[in-house]
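J.: Below is a structure I'd like to ask you about.
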Amino acid sequence: MNNMYARSSAMDIRVVLFVIVSLVLACLRSAAEAEETRAGDKVAELPYQIRFASFAPLGANRQFLLTGSEDWRSEPFAIPSNSFSRKVGVPARELALGMIDDTGSPVLIGHLSLPEEGNLFLVLLLPEASDRNPFRLVAIRADDPSFKTGDVQFFNLSDDAVGVKLQEKKVLLKPRSFQKISPPEMAEDVFSYQVEFYTQDDERTYLFASTQWPRQNRVRTYLFTFKSPETGRMSYRAIDEFPSWMK
C-alpha cells in the first residue's frame, strides 16, 4: 500500500512539474512573439524595407547596422549567405552600412543608394578587389510588379559572360547584368527541368554547373552567378522568395 501511495505521489509531482514547465514555455513563447510583433510594427512604420544577402566572406556571427541622416540608426542584424535577411525598416533612400567590430563599434562598409522606384528592396553584399573597400553594395527593387511568382530573375554578378540553359530555353547574361525569364512550359505530370550554366575562358566555352530544378509556382526565384571568393571559380546560388513578405 505504501508503495502505491509513493508511486501516486511521484506521478503527481511529475504532472505538476510538467504543467509548470509548459506554462513557463508558453509565457516565453508569448513574450518572444510579442517582441517579434513589436519589431515588425517598427519596421512597418518606416517607408522603406530592405533584406540583405552576402556573397562575400564575412566571418562568423557578424552583426551589421544601417545609419541615415539625423542620427537615425537601425537595430543590429545579421546578413546570411544562403538566404535573405529579416526585413530592416529604413526612413530614407540614402544610407550607410556598418559592420560591428569586436569592440562593439560600427565600421563603415559602404554607402547605399536605393533605387528611385519602389519601397521594398534587396541589397547584395559583394566582394570587391579594392584596398580601400573590400565590399560592393548592389540594391535591387523587390516590389517590381512585373516579377511574378514562378519567374526567375537572373543576376550575373561576375565580370564574365554567363550562358544559362533552362531545358531548351537559353539566356546569355553579360557581365554584371540581370534579366527576368519565365521557366519553360512543361506537361502537367513533369515537375522539374534541367538547368545548365556555361562560361568561357581564353580557349573554350565550358559547363560549370548542371542541376535539376523543381517547378515552383508559389515563389519567385533569384538566381545569382558569381566567382567564388574562396576558390576563384564560377558558381551559382538560387534563393527562393515567398512574396508574402512584401504585404
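J.: Would you check if there is a residue in the stretch 192-210 being exposed (fewer than 12 other Cβ atoms within 10 Å of the Cβ), touching a strand residue (DSSP E or B) at 6+ places or on another chain (Cβ under 7 Å), β-branched (V, I, T) and without any contact (Cβ under 8 Å) to a residue 60 or more places away in the chain?
T.: Taking every residue of the stretch 192-210 in turn, at least one turns out to be exposed (fewer than 12 other Cβ atoms within 10 Å of the Cβ), touching a strand residue (DSSP E or B) at 6+ places or on another chain (Cβ under 7 Å), β-branched (V, I, T) and without any contact (Cβ under 8 Å) to a residue 60 or more places away in the chain.
J.: Right, something else. Starting from the stretch 153-177, take each residue that is on the phi > 0 side of the Ramachandran plot and list its partners that are loosely packed, with under 15 Cβ neighbours inside 10 Å and assigned to a strand (DSSP E or B), counting only C-beta distances under 7 angstrom and pairs at least six apart or across chains.
T.: That search, which allows pairs on different chains as well, returns Q167/Q194.
Conditions (1) in a strand (DSSP E or B); (2) of a type in the set (V, I, T), marked per residue:
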site	(1), (2)
D202	no, no
Y206	yes, no
Q212	yes, no
Q216	no, no
F224	yes, no
P229	no, no
I239	yes, yes
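J.: Same structure again: Take the residues in the stretch 141-179 that are among the small types (G, A, S) and touching a strand residue (DSSP E or B) at 6+ places or on another chain (Cβ under 6 Å), then tell me which one is farthest from R204 (Cα to Cα).
T.: A142
J.: Another question about this same structure. Please find, among S228, S182, the residue that is of a type in the set (S, T, Y), within 25 Å of R141 (Cα to Cα) and free of Cβ contacts under 8 Å to residues at least 12 places away in the same chain.
T.: S228
J.: Right, next: Take L95 and decide whether it is under 30 Å from Y236 (Cβ atoms) and in a strand (DSSP E or B).
T.: In short, yes.
J.: Could you list, in sequence order, all residues of the stretch 159-176 that are out of contact with any Phe, Trp or Tyr (no Cβ under 8 Å at 6 or more places or on another chain) and in a strand (DSSP E or B)?
T.: K169, K170, L172
Read-outs: derived from the displayed coordinates by stated rules, not from any lab. Note that the structure is a prediction, hence the values are computed from the model and not measured. No Cβ is skipped: glycine too gets one built from the backbone with ideal geometry, and neighbour counts run over all protein chains shown.
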